[in-house]
Amino acid sequence: MAMSVGVEDKDDDFEETHEINVTPFIDVMLVLLIIFMVAAPLSTVDLPVDLPTSTAQPQKKPDKPTYVTIKPDLAVHIGENPVRRLDLVKTLDAAGDASGKDRRIFLRADRAVPYGEMMDVLEILRAGGYLKVALVALEGVPGQATPPAAAPSNP
């Protein structure tokens, strides 16, 4: 609260100036900023999958990416929701956005998933009209090959 003392005052009264105190507003905004900074990483898809690495340049992700994940037990998930392979296209159609079948589908497969199983899911997506499928991998160091999984040793 600010006060001013003027020479023109006939009385010795102080006049108050009426201004909005923005300090509590700034405090609330800082608390909300911290809450959103903590909550933002929690809103991503977080299924434990051992992805292979890639040295390709990362591409820009859309605002709301659609992830199809194949776990080591060959279970298929859309986002974090399990779905049967027969219902994969139907579920993607139901959860569609404005771009429909033109949207990019991000396919994540665990390193332990056989190549044929991943190709089966790709074929299901292709047959359903989803032709823009991107394979997801971890970023690797260029020029360094990923070591293959250890083979069982024969004594």
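Please verify whether K90 is of a type outside the set (A, V, I, L, M, F, W, C), at pLDDT below 85, more than 17 Å from the chain's Cα centre (by Cα) and over 30 Å from E139 (Cα atoms), treating the condition exactly as stated. Write out each step before concluding.
Details: of a type outside the set (A, V, I, L, M, F, W, C): yes; at pLDDT below 85: no; more than 17 Å from the chain's Cα centre (by Cα): yes; over 30 Å from E139 (Cα atoms): yes.
Here the answer is no, as K90 does not meet what is asked.
Residues of the range 82-109 being touching a residue at least 40 places away in the same chain (Cβ under 8 Å) and assigned to a loop (DSSP other than H, G, I, E, B), which ones?
R103, R104
At pLDDT below 85 and part of a loop (DSSP other than H, G, I, E, B), is that true of A112?
Details: at pLDDT below 85: no; part of a loop (DSSP other than H, G, I, E, B): yes.
Taking the combined requirement at face value, the residue does not satisfy it.
Does D50 satisfy being part of a loop (DSSP other than H, G, I, E, B), of a type outside the set (G, A, S) and either exposed (fewer than 15 other Cβ atoms within 10 Å of the Cβ) or touching a residue at least 60 places away in the same chain (Cβ under 8 Å) (or both)? Spell out the reasoning first.
Values: part of a loop (DSSP other than H, G, I, E, B): yes; of a type outside the set (G, A, S): yes; either exposed (fewer than 15 other Cβ atoms within 10 Å of the Cβ) or touching a residue at least 60 places away in the same chain (Cβ under 8 Å) (or both): yes.
Taking the combined requirement at face value, the residue satisfies it.
Does A112 satisfy being surrounded by fewer than 17 Cβ atoms within 10 Å (Cβ to Cβ), over 21 Å from the mean Cα position of the chain (by Cα) and touching a residue at least 60 places away in the same chain (Cβ under 8 Å)? Give the derivation first.
Details: surrounded by fewer than 17 Cβ atoms within 10 Å (Cβ to Cβ): yes; over 21 Å from the mean Cα position of the chain (by Cα): yes; touching a residue at least 60 places away in the same chain (Cβ under 8 Å): yes.
When the stated conditions are applied, A112 passes them.
The values are calculated or read from the model by the stated rules, or taken from the named source; none is laboratory data. Everything numeric here is computed off the predicted structure, so don't read it as measured data. Backbone-built Cβ (ideal geometry, glycine too); neighbour counts: all protein chains shown.
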